[in-house]
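The next block holds one structure in the form of structure tokens; read it before the comments.
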Amino acid sequence: MDVSLDSLTVFSGHMDGGIRLWDVRSGKRVLDVLSMHEGGVTSVQCHPMNGNQILTNGRDSVLRVVDVRTCTAVQSLGHEDFRTAFNYSSCGISPDGAYALAGSGTTGEVFVWGLTDGKVKKKLKAHNVGVGGVAWGRGGSNGQQVATVDRNGVLMLWA
């Protein structure tokens, strides 16, 4: 779940593979984006530079960049070694909007994709078990700090 850049819309992911948009002022559901994933949506993240796009992670082990104006996936991100193994597996977008990341629930690797070409740019390995939580912040020496947590509760900070 995430809140839009203008704070007027909430985006939520659901186990039916759909995404729902909610009006914050009225509390009403305003849009259903159906069948975005085969299996549940485990995470939704607003694009920090483009208020019309969100990033989703699904139990089908695919991340999708979704244009909420057209209700279509404009990009799909995946890798043969990447698996979304938990119903709470998160995803993130870099503060500059150039990269997406998510942790593999089976290998313990953290995958970083470029959003310009959809290719894996890095695979970070430090966890010994599956990674379910990721967050991208503005800290670190270069303004690009990543935090990851695995199913054993081990937290890693990357800069």
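Worth a mention:
- R0 of 22 Å, Cβ-Cβ distance Ala159-Asp117: FRET efficiency to nearest 0.05: 0.40
- Label-point separation, Asn128 to Asp32 (7 Å along Cα→Cβ), nm: 4.6
- Report note on the peptides 91-97, 130-136: ranked by the mean count of other C-beta atoms within 10 Å, highest first, their order is 130-136, 91-97.
- Hits among lysines - C-alpha to C-alpha of Lys28 under 22 Å, sequence gap 8 or more where chains match: none
- Under a model in which nothing but the beta-carbon of Lys, Arg (+1) and Asp, Glu (-1) is charged, segment 110-159 shows a dipole of about 120 debye around its Cα centre.
- Residue of Gly140, Gly58, Gly114 that the Gaussian network model of the chain assigns the largest fluctuation, springs spanning Cα pairs under 10 Å: Gly140
- Asn152 versus Val24: modelled label distance in nm, points set 7 Å from Cα along the beta carbon direction: 4.0
- Magnitude of the charge dipole, the chain, Cβ model with Lys/Arg +1 and Asp/Glu -1, debye to 20: 180
- Zone residues, segment 103-131, relative to Glu80, backbone N less than 15 Å from point 7 Å out along Cα-to-Cβ: 120
- When the chain is described by a simple charge dipole with +1 on each Lys and Arg Cβ and -1 on each Asp and Glu Cβ, the residue from Ile19, Ser4, Met156 located farthest towards its positive end is Met156.
- Counted charge near Asn52, where neighbours are those whose Cβ lies closer than 15 Å (Asp, Glu -1; Lys, Arg +1): -1
Any read-out appearing in this document is the output of simple, stated calculations on the displayed coordinates, not a laboratory observation. Note that the structure is predicted; figures quoted are calculated from it, not measured. Neighbour counts run over all protein chains shown; Cβ positions are idealised from the backbone, glycine included.
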